[in-house]
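Just so it is clear, none of the values below were taken in a lab; they were calculated from the coordinates. As the structure is a prediction and not an experimental result, all values here were calculated from the model. Don't worry about glycine lacking a Cβ; one is built from the backbone with ideal geometry, like all the others, and counts go over all protein chains shown.
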Amino acid sequence: MPVHRRRLVAAVLLAAGLAACGPATAAGPNSFAPMIRRVLPAVVNIRITETVTTQEDPLSFLPPELRRQFRDRFRAPKEKLQGAGSGFIIDPAGYIVTNVHVVGNADQIMVDLADGTELPAKVVGTDELTDIALIRVIAKTSLPSVDWGDSRSVEVGDWVIAAGNPYGLGGTVTAGIVSARGRDIGAGPFDDFIQIDAPINPGNSGGPVFNEAGEVIGVDTAIASPTGASVGIGFAIPSEIARRIVADLREHGRVERGWLGVSVQDAPDDPAYKGQAGALIAAVERNGPGMHAGLRPGDLVTAVNGQAVDGARGLIRQIAQVPPGTQVRLTLRRGGQQMEVGITVGHRPKGQG
């Protein structure tokens, strides 16, 4: 068959194949506009003023003995720093979710609503271990709000929309997909971030991540970037975690977490543990809950109240969710034998990593 005829036949077959496949499927929704119009009024800009002490020593020109003599008379100079972030109204009464690193050290907090209204805000509570903060404004009318969604149902590849105040440009929305789940970026013991590729930048911190239904399934908190600008890798605190933290902050102004009083590590690859997953107890703190329950270094904890333990971080998360004073049942392996131990969970000490 001549070359030109073979090419013609190939082209006809290709066209026939495309026709057989039917019309191309849509790459995504036709528009997010209806949903965004509904939820964007609940997204706020947050401006903070913070007083910091400068590093410059005003007495540096004096000899050391005179600096010591006048140190109490001359304090280091202070200056006001301005900052900005994002947040979202989770209750019409004016409760707003944001990040601790946005408002944690603020002397003054101002919230800009979508309609241009400016309102002062007060901190209700903060949780540094998850970087979740709850603040409140008092308005004359009920405020627009958004609802929590279920981050546990979110899958890699799902569409998400981030909203906030990047670079001070309020009312900004970006779209992308969930690119990974369960990310540990070394921010704290409860890292379990949703990774998204919807562009977020400085100023997006504390802003919401919406699913296609307009429900909040995450709170923007960090980006991975060598330049400080978006490279398509952002991290959001899952609503599964944030929702519970916000409820505790609203009710108590703080978060109470359970604690065993032990140091743990991932299960070693050791035949003695028969390949079981779990958390290996490396040390037991004196007079802690673990010591009182008889836990020992070398115990491999495989389940809490029948729920399997997925490594050291998994055990820490499971126990942290248990209200202090509650008794739990640990399934563990000791000396080749499986056993169960009852233990009353203690209060996690402040600052405990």
Under a Cβ-only charge scheme (Lys and Arg +1, Asp and Glu -1), can you give me the dipole magnitude of region 30-254 about the Cα centre, in debye to the nearest 20?
720
Two-decimal log10 I(q)/I(0) for region 30-254, as the Debye equation yields it once each C-alpha is a single scatterer, q = 0.10, 0.11 Å⁻¹
-0.47, -0.55
Please arrange Asp91, Asp299 by counting, for each residue, the other beta carbons lying within 10 Å of its beta carbon, fewest first.
Asp91, Asp299
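Taking Rh as the Kirkwood radius computed over C-alpha pairs, what is the Stokes-Einstein D of region 258-347 at 20 °C in a medium of viscosity 1.002 mPa s, expressed in µm² per second?
Numbers: Rh = 12.6 Å.
Once the numbers are plugged in, D ends up at 170 µm²/s.
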